[in-house]
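Take a look at the structure set out below.
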Amino acid sequence: MPSLPWRDIDTVLLDMDGTLLDLHYDNHFWMEHLPERYAQLHGISRAMAELEMQPLFERNAGQLQWYCLDFWSTELKLPVRELKLETAHLIALRPDADTFLAAIKQAGKRVILITNAHRDSLSLKLERIELAPYFERLISSHDYGFAKEHPQFWDALQADIGFDPKRSLFIDDTLPILRSARDFGVAHLLAVSQPDSRKGPKDTGEFEAVGDYRELIQGL
Ligand SMILES: [Mg+2]
(Lines give C-alpha, C1' and ligand atoms only; values in the text may rest on other atoms or scores of the structure.)
Protein backbone atom coordinates (compact mmCIF):
# COMPACT_ATOMS: atom_id res chain seq x y z
CA MET A 1 0.00 0.00 0.00
CA PRO A 2 1.58 3.32 -1.10
CA SER A 3 1.94 6.26 1.23
CA LEU A 4 1.26 9.51 -0.58
CA PRO A 5 3.23 12.78 -0.35
CA TRP A 6 0.04 14.69 0.49
CA ARG A 7 1.87 18.02 0.87
CA ASP A 8 2.75 17.86 -2.82
CA ILE A 9 -0.83 17.19 -3.90
CA ASP A 10 -3.52 19.87 -4.16
CA THR A 11 -5.86 18.37 -6.78
CA VAL A 12 -7.45 14.92 -6.54
CA LEU A 13 -9.04 13.54 -9.71
CA LEU A 14 -11.24 10.51 -9.16
CA ASP A 15 -12.90 7.97 -11.39
CA MET A 16 -16.34 6.73 -10.31
CA ASP A 17 -17.12 3.12 -11.34
CA GLY A 18 -14.69 0.61 -9.84
CA THR A 19 -12.89 3.37 -7.94
CA LEU A 20 -15.50 4.97 -5.66
CA LEU A 21 -18.36 2.62 -6.53
CA ASP A 22 -18.31 -1.17 -6.55
CA LEU A 23 -17.82 -2.37 -10.12
CA HIS A 24 -20.06 -5.32 -9.34
CA TYR A 25 -23.10 -3.29 -10.44
CA ASP A 26 -21.66 -2.60 -13.90
CA ASN A 27 -20.13 -6.04 -14.38
CA HIS A 28 -23.35 -7.74 -13.37
CA PHE A 29 -25.44 -5.46 -15.59
CA TRP A 30 -23.35 -5.85 -18.75
CA MET A 31 -22.35 -9.50 -18.38
CA GLU A 32 -25.44 -11.02 -16.78
CA HIS A 33 -28.53 -8.86 -16.74
CA LEU A 34 -28.29 -7.32 -20.20
CA PRO A 35 -27.60 -10.61 -22.08
CA GLU A 36 -30.45 -12.21 -20.12
CA ARG A 37 -32.94 -9.45 -21.00
CA TYR A 38 -31.65 -9.30 -24.59
CA ALA A 39 -32.38 -13.01 -24.95
CA GLN A 40 -35.85 -12.65 -23.41
CA LEU A 41 -36.89 -9.56 -25.32
CA HIS A 42 -35.64 -10.85 -28.68
CA GLY A 43 -36.91 -14.39 -28.07
CA ILE A 44 -33.55 -16.15 -28.45
CA SER A 45 -31.39 -18.33 -26.20
CA ARG A 46 -28.95 -16.84 -23.72
CA ALA A 47 -26.05 -18.46 -25.60
CA MET A 48 -27.22 -16.89 -28.87
CA ALA A 49 -27.58 -13.53 -27.15
CA GLU A 50 -23.98 -13.65 -25.98
CA LEU A 51 -22.83 -14.71 -29.43
CA GLU A 52 -24.52 -11.66 -30.93
CA MET A 53 -23.36 -9.22 -28.26
CA GLN A 54 -19.73 -10.29 -27.95
CA PRO A 55 -18.43 -8.82 -31.25
CA LEU A 56 -20.19 -5.53 -30.47
CA PHE A 57 -18.52 -5.40 -27.08
CA GLU A 58 -15.11 -6.16 -28.56
CA ARG A 59 -15.43 -3.60 -31.34
CA ASN A 60 -16.43 -0.75 -29.05
CA ALA A 61 -14.34 -1.23 -25.90
CA GLY A 62 -12.48 1.94 -24.90
CA GLN A 63 -14.48 4.08 -27.34
CA LEU A 64 -16.71 6.87 -26.12
CA GLN A 65 -19.82 5.17 -27.51
CA TRP A 66 -19.07 2.18 -25.24
CA TYR A 67 -20.26 4.36 -22.39
CA CYS A 68 -23.22 5.82 -24.26
CA LEU A 69 -26.61 4.36 -23.41
CA ASP A 70 -28.17 5.74 -26.61
CA PHE A 71 -25.59 3.84 -28.64
CA TRP A 72 -26.37 0.55 -26.92
CA SER A 73 -30.12 1.11 -27.07
CA THR A 74 -29.86 1.52 -30.85
CA GLU A 75 -27.36 -1.31 -31.39
CA LEU A 76 -29.21 -3.83 -29.23
CA LYS A 77 -32.74 -2.52 -29.87
CA LEU A 78 -33.36 -2.46 -26.14
CA PRO A 79 -34.36 0.26 -23.64
CA VAL A 80 -30.97 0.15 -21.88
CA ARG A 81 -31.78 3.09 -19.57
CA GLU A 82 -34.85 1.32 -18.18
CA LEU A 83 -33.04 -2.00 -17.93
CA LYS A 84 -30.33 -0.36 -15.83
CA LEU A 85 -32.97 0.57 -13.25
CA GLU A 86 -33.90 -3.09 -12.82
CA THR A 87 -30.60 -3.81 -11.03
CA ALA A 88 -30.10 -0.37 -9.45
CA HIS A 89 -30.22 -1.89 -5.95
CA LEU A 90 -26.69 -3.20 -6.63
CA ILE A 91 -25.21 0.32 -6.88
CA ALA A 92 -22.95 0.66 -3.83
CA LEU A 93 -19.96 2.57 -2.50
CA ARG A 94 -16.64 0.78 -2.18
CA PRO A 95 -15.58 0.34 1.47
CA ASP A 96 -14.60 3.66 3.11
CA ALA A 97 -14.76 5.62 -0.15
CA ASP A 98 -16.97 8.16 1.63
CA THR A 99 -14.50 8.43 4.53
CA PHE A 100 -11.74 9.11 2.00
CA LEU A 101 -13.79 11.75 0.17
CA ALA A 102 -14.73 13.51 3.39
CA ALA A 103 -11.10 13.55 4.55
CA ILE A 104 -9.61 15.00 1.36
CA LYS A 105 -12.33 17.65 1.13
CA GLN A 106 -11.76 18.52 4.80
CA ALA A 107 -8.03 18.81 4.10
CA GLY A 108 -8.78 21.47 1.48
CA LYS A 109 -7.88 19.46 -1.61
CA ARG A 110 -9.59 20.30 -4.86
CA VAL A 111 -11.67 17.17 -5.60
CA ILE A 112 -13.00 16.51 -9.10
CA LEU A 113 -14.86 13.49 -10.47
CA ILE A 114 -13.87 12.50 -14.00
CA THR A 115 -15.84 9.63 -15.47
CA ASN A 116 -16.45 8.02 -18.82
CA ALA A 117 -20.00 7.31 -17.66
CA HIS A 118 -22.74 8.86 -19.74
CA ARG A 119 -24.65 11.68 -17.99
CA ASP A 120 -27.64 9.31 -17.66
CA SER A 121 -25.56 6.64 -15.88
CA LEU A 122 -24.00 9.33 -13.72
CA SER A 123 -27.44 10.62 -12.65
CA LEU A 124 -28.69 7.11 -11.97
CA LYS A 125 -25.82 6.62 -9.53
CA LEU A 126 -25.83 10.07 -7.95
CA GLU A 127 -29.54 9.68 -7.17
CA ARG A 128 -28.73 6.63 -5.08
CA ILE A 129 -25.32 7.40 -3.61
CA GLU A 130 -24.59 10.79 -2.11
CA LEU A 131 -21.35 11.60 -3.92
CA ALA A 132 -22.02 15.04 -5.36
CA PRO A 133 -21.42 17.11 -2.16
CA TYR A 134 -17.78 16.01 -2.01
CA PHE A 135 -16.90 17.36 -5.45
CA GLU A 136 -16.11 20.75 -6.91
CA ARG A 137 -17.04 19.39 -10.34
CA LEU A 138 -18.57 16.22 -11.78
CA ILE A 139 -17.17 15.82 -15.29
CA SER A 140 -18.34 13.27 -17.84
CA SER A 141 -15.94 12.72 -20.73
CA HIS A 142 -18.99 12.93 -23.00
CA ASP A 143 -18.98 16.68 -22.27
CA TYR A 144 -15.63 16.93 -24.07
CA GLY A 145 -16.28 14.34 -26.78
CA PHE A 146 -13.21 12.24 -25.87
CA ALA A 147 -12.96 9.24 -23.55
CA LYS A 148 -10.36 9.42 -20.76
CA GLU A 149 -8.22 6.92 -22.71
CA HIS A 150 -7.48 9.63 -25.30
CA PRO A 151 -4.89 12.43 -24.98
CA GLN A 152 -7.47 14.99 -26.15
CA PHE A 153 -9.50 14.33 -23.02
CA TRP A 154 -6.66 15.59 -20.86
CA ASP A 155 -6.14 18.72 -22.97
CA ALA A 156 -9.86 19.46 -22.69
CA LEU A 157 -9.78 18.87 -18.92
CA GLN A 158 -6.82 21.22 -18.56
CA ALA A 159 -8.59 23.90 -20.61
CA ASP A 160 -11.72 23.47 -18.50
CA ILE A 161 -10.44 23.31 -14.91
CA GLY A 162 -6.83 24.55 -15.11
CA PHE A 163 -4.89 22.11 -12.90
CA ASP A 164 -1.22 21.40 -12.29
CA PRO A 165 -0.61 17.75 -13.27
CA LYS A 166 2.60 17.71 -11.20
CA ARG A 167 0.55 18.45 -8.08
CA SER A 168 -2.33 16.10 -8.88
CA LEU A 169 -3.36 12.63 -7.78
CA PHE A 170 -5.53 10.51 -10.08
CA ILE A 171 -7.14 7.23 -9.03
CA ASP A 172 -8.75 4.97 -11.65
CA ASP A 173 -9.30 1.21 -11.95
CA THR A 174 -8.66 1.08 -15.72
CA LEU A 175 -4.99 0.74 -16.69
CA PRO A 176 -5.12 2.29 -20.21
CA ILE A 177 -6.73 5.36 -18.61
CA LEU A 178 -3.95 5.62 -16.01
CA ARG A 179 -1.39 5.37 -18.83
CA SER A 180 -3.14 8.16 -20.69
CA ALA A 181 -2.99 10.33 -17.54
CA ARG A 182 0.68 9.47 -17.10
CA ASP A 183 1.42 10.51 -20.69
CA PHE A 184 -0.21 13.86 -19.96
CA GLY A 185 2.10 14.28 -16.96
CA VAL A 186 -0.12 13.51 -13.97
CA ALA A 187 2.49 12.81 -11.30
CA HIS A 188 0.62 10.74 -8.72
CA LEU A 189 -1.29 7.75 -10.07
CA LEU A 190 -3.02 4.88 -8.31
CA ALA A 191 -4.94 1.88 -9.56
CA VAL A 192 -7.56 0.00 -7.52
CA SER A 193 -6.67 -3.44 -6.24
CA GLN A 194 -10.21 -4.87 -6.14
CA PRO A 195 -12.68 -2.80 -8.19
CA ASP A 196 -15.37 -5.52 -8.12
CA SER A 197 -16.17 -6.80 -4.61
CA ARG A 198 -17.26 -10.19 -5.97
CA LYS A 199 -14.00 -10.82 -7.81
CA GLY A 200 -10.48 -11.29 -6.51
CA PRO A 201 -7.66 -8.74 -6.68
CA LYS A 202 -6.86 -7.37 -10.12
CA ASP A 203 -3.44 -7.21 -11.76
CA THR A 204 -2.62 -3.48 -11.74
CA GLY A 205 0.47 -3.73 -13.93
CA GLU A 206 3.10 -1.06 -13.35
CA PHE A 207 0.84 0.93 -10.99
CA GLU A 208 0.59 0.92 -7.24
CA ALA A 209 -2.96 0.31 -6.09
CA VAL A 210 -5.40 1.43 -3.42
CA GLY A 211 -6.52 -1.40 -1.21
CA ASP A 212 -7.88 0.33 1.88
CA TYR A 213 -9.00 3.97 1.62
CA ARG A 214 -8.45 4.49 5.35
CA GLU A 215 -4.75 3.76 4.94
CA LEU A 216 -4.49 6.19 2.05
CA ILE A 217 -5.56 9.16 4.19
CA GLN A 218 -2.88 8.55 6.79
CA GLY A 219 -0.48 11.47 6.72
CA LEU A 220 -3.08 13.76 5.14
MG1 LIG B 1 -13.60 2.90 -13.53
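Structure data summary
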| read-out | value |
| --- | --- |
| Cut-off 12 Å between beta-carbons: net charge of the residues surrounding N27, Lys and Arg +1, Asp and Glu -1 | -3 |
| Accessible area of the chain belonging to carbon and sulfur atoms, whole % at 1.4 Å probe | 50 |
| Theoretical FRET efficiency, 1/(1+(r/R0)^6), r = Cβ-Cβ of D120 and F57, R0 22 Å, to 0.05 | 0.70 |
| Kirkwood hydrodynamic radius of the chain, from inverse mean 1/r over distinct Cα pairs, in Å | 18.1 |
| Residue-normalised accessible area of region 25-89, expressed per residue, 1.4 Å probe, Å² | 54 |
| Helix-only CD estimate at 222 nm, as mean residue ellipticity for the chain, using -39500 (n - 2.57) per DSSP H run (n ≥ 4) | -11000 deg cm²/dmol |
| Distant-in-sequence amide H partners of R110 (H built 1.01 Å from N, under 5 Å) | T11, V12 |
| In Å², nearest 10: area of H28 left accessible to a 1.4 Å probe | 60 |
| Note, ³J(HN,Hα) from phi for region 42-56, Karplus 6.51, -1.76, 1.60, rounded to Hz, x at Gly and Pro | 9, x, 10, 6, 4, 5, 5, 4, 5, 4, 6, 7, 3, x, 5 |
| Those GluC sites (Glu not before Pro) in region 122-220 that DSSP places in a loop and that have at most 11 other beta carbons within 10 Å | E127, E130, E206 |
| Euclidean distance between Cα centres, region 167-215 to region 1-75, Å | 17 |
| Surface accessible to a 1.4 Å probe, L51 within the full protein complex, Å² | 120 |
| Under-5 Å amide H pairs with V210, H placed in peptide plane, nonlocal only | A191, V192, S193 |
| Neighbour net charge for I129 - beta-carbon separation under 12 angstrom, K R +1, D E -1 | -2 |
| Neighbour cut-off at most 12 other Cβ (10 Å), DSSP loop, GluC sites (Glu not before Pro), region 16-94 | none |
| Karplus-derived HN-Hα couplings along region 201-208 (A = 6.51, B = -1.76, C = 1.60, θ = phi - 60°), whole Hz, x at Gly and Pro | x, 9, 6, 9, x, 7, 9, 6 |
| Degrees, to the nearest 10: 175-184 long Cα axis against longest axis of the chain | 40 |
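The values are calculated or read from the model by the stated rules, or taken from the named source; none is laboratory data. Predicted, not measured: the structure shown is a model, and the values here were computed from it. Please note: Cβ atoms are built from the backbone with ideal geometry, for glycine as well, and neighbour counts cover all protein chains shown. Areas reflect the complete protein model, heavy atoms only, side chains present, ligands, DNA and RNA absent. Shrake-Rupley method; radii C 1.70, N 1.55, O 1.52, S 1.80 Å.
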